[in-house]
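A.B. asks: The structure that follows is given in the form of structure tokens.
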């Protein structure tokens, strides 16, 4: 009987601790993750020998100017993203013409995780693919690639 009473008091104590925890009241701010068109950017700047899960990450204007020296290209990229607040995630690879890379989930609140999913195409034609995403500095992401 004494054991049951002690167990009941212990459970009530744990319940009080769970109820006493204050909820997170920090305001959530939505973040914008957007895909930008690569139609206006030349293809000769990208390394297509990379794997799809190894994107080029450009986080500052200085890094952009160090990696690329073409003034016209730099001007176009600077128009597409404000690199003081954002970063560019550049996915480049060679593969089937039917290859797809999609943003499948993005926690748009408080810099959460963003997931990209890669799906291999079934055709045997070799194509070069470029996908560029702009997301805020500090946003985490991962790429799901089938084995």
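A.B. asks: Tally the residues that are under 20 Å from residue 117 (Cβ atoms) and not in a loop (DSSP other than H, G, I, E, B), restricting the search to the stretch 62-98. Walk me through it before giving the result.
C.D. replies: Going residue by residue through the stretch 62-98, those that are under 20 Å from residue 117 (Cβ atoms) are 88-98.
Adding the requirement that they be not in a loop (DSSP other than H, G, I, E, B) leaves 88-96.
Residues that pass the stated criteria total 9.
A.B. asks: Of the residues that make up the stretch 99-119, is at least one exposed (fewer than 13 other Cβ atoms within 10 Å of the Cβ), at negative phi, at pLDDT 90 or above and not in a strand (DSSP E or B)?
C.D. replies: no
A.B. asks: Oh, and also: Working only within the stretch 82-97, note down all residues that are farther than 24 Å from residue 136 by Cβ and surrounded by fewer than 17 Cβ atoms within 10 Å (Cβ to Cβ). If you could, list the steps in order and put the result at the bottom.
C.D. replies: The first filter runs over the stretch 82-97 and keeps only residues farther than 24 Å from residue 136 by Cβ, leaving 93-97.
Passing the criteria: 94, 96, 97.
A.B. asks: So which residues in the stretch 38-61 are part of a helix (DSSP H, G or I) and surrounded by 10 or more Cβ atoms within 10 Å (Cβ to Cβ), if there are any at all?
C.D. replies: Passing the criteria: 43, 45, 61.
A.B. asks: Between 74, 79, which is modelled with pLDDT of 75 or more, surrounded by 12 or more Cβ atoms within 10 Å (Cβ to Cβ) and more than 19 Å from the chain's Cα centre (by Cα)?
C.D. replies: Criteria check complete, one pass: 74.
The values are calculated or read from the model by the stated rules, or taken from the named source; none is laboratory data. Keep in mind it's a predicted model, so treat the numbers as computed, not measured. Every residue, glycine among them, receives a Cβ derived from its backbone with ideal geometry; neighbour counts consider all protein chains shown.
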